[in-house]
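Following: one structure in structure tokens, then a few remarks.
The values are calculated or read from the model by the stated rules, or taken from the named source; none is laboratory data. If you're wondering where the values come from, they're calculated on a predicted model, not measured in any experiment. All Cβ positions, glycine included, derive from the backbone under ideal geometry; neighbour counts span all protein chains shown.
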Amino acid sequence: MDLERKRNAVIFGPMGPGLLRRPDTRVTERPGWYQLVTPSAPNGVLNEIAYSQVEDAERCIDDALATYGAHGLTFKWRVGPWTRPEDLAARLQRRGFEAFEMRGMVASTSHRIEVPGDVEIVTVDRECLDEYVRVFAAGWGLPRDQEAPLVADHLTALNAEDRVGHFFAARIDGAIVATTALVVRDGFGYLMGAQVLDAFRGRGVYRALIAARLRFLVERGLTMAATQAREATSAPMLEHLGFETVLRSKVFVIDAS
């Protein structure tokens, strides 16, 4: 696996079909630009600029603030080695955005991870979807009124004709205690959004979620797993589990309201 392919998997994996979308999600995709606007989604969910290569950066920032601000939304702007202009991070900071560090990371799906025997990983279907969404919303700090639309969002992904999005839950003593997902891309899988409820951390649940998704990809003949991991939380754990860092980036966040 050459470095360019690894980096492209990290950068472009979270874009395109198979991810959660809502009826009011507007996707703007063109050369040098990928943006999601979802008026019904709070807390930065489904509202982000994932890819930007622009000439008039200040105008683009103004437009983004106006677009999301019109709906009272918080949104994210991903900035990394792919971003143009190169000083976009400094421009966003001057405009009041806050940032956190990310790492783009990859691993071979053949990598094996030891997991505890009391953690069961299940693929999510309609039967367990309501419980999955309750834990998902609680883990990510989303308000209870988002549970019903989240169920609908997940059902759309589960029932897609050309399905590429898959969801997984970790159970301990029969109860779901963690959630995660992945999307299948051309030749690799992109790992997304693992979270473990506070009371069950330190018990190997996160390792079990990683191991299960690697096995899932191997069974489908995919040789690489890619992800973007937050430096303050999952990146060190993934490094310990054998993932390689192929790029570093930042996510800038602002409440545009």
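Miscellaneous remarks
- All strands (runs of 3 or more DSSP E) inside segment 1-97 with 3 or more residues being under 24 Å from residue 141 (Cβ atoms) and touching an Asp or Glu at 6+ places or on another chain (Cβ under 7 Å): 74-79
- Every test in (1) surrounded by fewer than 16 Cβ atoms within 10 Å (Cβ to Cβ); (2) over 21 Å from residue 241 (Cα atoms); (3) of a type outside the set (Asp, Glu); (4) over 20 Å from the mean Cα position of the chain (by Cα) is passed by residue 100 save one, and that test is (4).
- Residue within segment 156-166 that is more than 29 Å from residue 65 (Cα to Cα) and buried (at least 22 other Cβ atoms within 10 Å of the Cβ) present: no
- For residue 143: the one exception among (1) within 30 Å of residue 8 (Cβ to Cβ); (2) surrounded by fewer than 18 Cβ atoms within 10 Å (Cβ to Cβ): (1)
- Of all residues in segment 162-177, exactly one satisfies the criterion of being charged (D, E, K, R), part of a loop (DSSP other than H, G, I, E, B) and either modelled with pLDDT of 95 or more or closer than 14 Å to residue 118 by Cβ (or both), namely 173.
- Hey, residue 183 assigned by TED's automatic domain parsing to the domain that holds residue 205, in a strand (DSSP E or B) and either among the polar types (S, T, N, Q) or surrounded by fewer than 17 Cβ atoms within 10 Å (Cβ to Cβ) (or both) or not: no
- Residue that is touching a residue at least 40 places away in the same chain (Cβ under 8 Å), in contact with a Pro (Cβ under 8 Å, 6 or more places away or on another chain) and of a type outside the set (A, V, I, L, M, F, W, C), where the choices are 116, 149, 143: 143
- Qualifying residue in segment 150-161 (condition: assigned by TED's automatic domain parsing to the domain that holds residue 242, part of a strand (DSSP E or B) and more than 19 Å from residue 233 (Cα to Cα)): no
- Tally of residues being assigned to a loop (DSSP other than H, G, I, E, B), surrounded by 14 or more Cβ atoms within 10 Å (Cβ to Cβ) and more than 21 Å from the chain's Cα centre (by Cα) across segment 104-120: 4
- Pairing residues of segment 6-28 that are free of Cβ contacts under 8 Å to residues at least 60 places away in the same chain with residues that are surrounded by 15 or more Cβ atoms within 10 Å (Cβ to Cβ) and among the aromatic types (Phe, Trp, Tyr), at Cβ distances under 6 Å and at least 6 apart in sequence or on separate chains, gives 15/34.
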